Amino acid sequence: MAKDPVRVLVTGAAGQIGYALVPMIARGVMLGPDQPVILHMLDIPPAAEALNGVRMELVDAAFPLLKGVVATTDAVEACTGVNIAVMVGGFPRKEGMERKDVMSKNVSIYKSQASALEAYAAPNCKVLVVANPANTNALILKEFAPSIPAKNITCLTRLDHNRALGQISERLNVQVSDVKNAIIWGNHSSTQYPDVSHATVKTPSGEKPVRQLVSDDDWLKGEFITTVQQRGAAIIKARKLSSALSAASSACDHIRDWVLGTPEGTWVSMGVYSDGSYNVPAGLIYSFPVTCNAGEWTIVQGLSIDEFSRKKLDATAEELSEEKALAYSCLS
């Protein structure tokens with residue numbers, strides 16, 4: 001039996017990440033090689049012509065899984081009936097802008113898009129927020145889409161997770177697919193904590209801890225962390241544009257694992273609504289290690305947290321609490 005198409009919304013679809021992301025979705029990278037999709041693409045009116053160009057290219061690419069395209073500048077039309085929403089559109093921080101300015105712009109964008117999702121998306125719609133500040137944008141969206149379950153609203157820290165795996169694979173000269181169970185804790189910002197205390201590498205003689213194989217604690221507690229934290233800035237410096245290909249690829253990874261499940265014995269990092277696990281304040285969208293099964297994520301419990309890690313977890317939680325307060329001040 002052929003599967004029914006899944007409706008996937010991408011906001012900011014005419015932008016860099018959108019342009020990298022929509023062909024991946026249409027090719028089955030996000031939901032699997034046998035899952036038909038209908039793409040809903042939303043962008044702002046000044047980008048309408050570019051958006052239509054993306055729509056034309058999707059038609060020209062003749063993707064067998066792509067069963068329809070909705071390209072629009074109208075949030076209601078874009079959100080109607082969607083099963084998965086990937087929120088890439090946001091207001092980028094420009095030179096000389098204060099955090100509060102960026103926050104208030106994004107609060108108004110996410111407030112209006114949340115209202116459209118609330119009213120028109122399919123029941124049990126899954127939402128992934130990519131646009132920065134991703135954790136707090138997701139929190140605002142949750143606030144204005146109260147009928148979407150809190151567990152269905154997440155933000156992207158898989159890009160940071162994949163960056164951490166990539167750094168370990170380069171350092172040890174092993175395949176990235178043999179490295180697993182790194183963790184990104186906290187905010188998708190420079191306070192995030194990339195943690196390899198529980199990560200392992202598949203070797204000919206079985207799985208070995210990353211710490212044992214790297215055997216350089218100074219690197220793991222220093223350069224490794226800052227490289228992952230600052231990777232986005234390093235790419236902007238090199239490419240003169242922000243990460244698009246890797247962001248799009250990790251958004252596909254995030255949704256694919258969430259919908260189709262994580263492999264046995266493997267966890268991934270997702271920004272999810274905190275329930276107080278690991279003494280992280282409840283009510284923040286915070287990145288945790290999670291496993292996924294049957295479309296549901298579960299925070300991995302019982303991992304030991306040493307003193308170094310504890311400080312890092314608390315510092316990024318503190319930043320998120322401040323961001324939350326700033327966002328809520330923009331609402332009033």
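Numbers below:
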{"quantity": "Which listed residue is among the hydroxyl-bearing types (Ser, Thr, Tyr), closer than 29 Å to MET87 by Cβ and surrounded by fewer than 24 Cβ atoms within 10 Å (Cβ to Cβ), from SER197, SER190", "calculated": "SER190"}
{"quantity": "Lone qualifier among THR262, THR298 - being out of contact with any His (no Cβ under 6 Å at 6 or more places or on another chain), outside any helix (DSSP H, G or I) and under 24 Å from LEU139 (Cα atoms)", "calculated": "THR298"}
{"quantity": "Hits in the range 30-65 (condition: under 22 Å from the mean Cα position of the chain (by Cα) and either part of a strand (DSSP E or B) or not hydrophobic (A, V, I, L, M, F, W, C) (or both))", "calculated": "GLY32, PRO33, GLN35, VAL37, ILE38, LEU39, HIS40, MET41, LEU42, ASP43"}
{"quantity": "Among the residues listed as MET87, MET103, the single one being touching a Pro at 6+ places or on another chain (Cβ under 9 Å), open to solvent by less than 20 Å² (accessible area, probe 1.4 Å) and of a type in the set (A, V, I, L, M)", "calculated": "MET103"}
{"quantity": "Residues located in the range 163-183, provided they are loosely packed, with under 15 Cβ neighbours inside 10 Å and either in contact (Cβ under 8 Å) with a residue 40 or more places away in the chain or charged (D, E, K, R) (or both)", "calculated": "GLU170"}
{"quantity": "The range 13-29 residues that are farther than 18 Å from HIS254 by Cα and part of a loop (DSSP other than H, G, I, E, B), paired with ones that are open to solvent by 40 Å² or more (accessible area, probe 1.4 Å) and aliphatic (A, V, I, L, M) (beta carbon under 7 Å, 6 or more apart)", "calculated": "ALA14/ALA50"}
{"quantity": "Options ALA75, ALA71, ALA14: the member that is crowded, with 18+ Cβ neighbours inside 10 Å, in contact with an Asp or Glu (Cβ under 6 Å, 6 or more places away or on another chain) and under 28 Å from PRO133 (Cα atoms)", "calculated": "ALA14"}
{"quantity": "Selection status of PRO5, open to solvent by 20 Å² or more (accessible area, probe 1.4 Å) and either at pLDDT 95 or above or in contact with a Pro (Cβ under 9 Å, 6 or more places away or on another chain) (or both)", "calculated": "yes"}
{"quantity": "Residues located in the range 306-332, provided they are modelled with pLDDT under 95 and not in a helix (DSSP H, G or I)", "calculated": "SER332"}
{"quantity": "Condition check for LEU141: over 21 Å from THR191 (Cβ atoms), open to solvent by less than 20 Å² (accessible area, probe 1.4 Å) and in contact with a Cys (Cβ under 8 Å, 6 or more places away or on another chain)", "calculated": "no"}
{"quantity": "Yes/no for ALA251 being in a helix (DSSP H, G or I), of a type outside the set (Val, Ile, Thr) and either free of Cβ contacts under 8 Å to residues at least 24 places away in the same chain or open to solvent by 40 Å² or more (accessible area, probe 1.4 Å) (or both)", "calculated": "no"}
{"quantity": "Single match in SER205, SER243 (criterion: loosely packed, with under 12 Cβ neighbours inside 10 Å, among the hydroxyl-bearing types (Ser, Thr, Tyr) and more than 22 Å from THR291 (Cα to Cα))", "calculated": "SER205"}
{"quantity": "Any chance GLY261 is surrounded by fewer than 18 Cβ atoms within 10 Å (Cβ to Cβ) and over 19 Å from VAL29 (Cα atoms)", "calculated": "no"}
{"quantity": "Subset of the range 17-41 [open to solvent by 10 Å² or more (accessible area, probe 1.4 Å) and of a type in the set (A, V, I, L, M)]", "calculated": "ILE17, ALA20, MET24, VAL29, LEU31, ILE38"}
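The values are calculated or read from the model by the stated rules, or taken from the named source; none is laboratory data. For clarity, every value in this text was computed on a predicted model and none was experimentally measured. As a convention, Cβ positions derive from the backbone with ideal geometry for all residues, glycine included, and neighbour counts pool all protein chains shown. Calculation scope for accessible area: heavy atoms of the full protein, side chains included, ligands and nucleic acids excluded. Shrake-Rupley method; radii C 1.70, N 1.55, O 1.52, S 1.80 Å.
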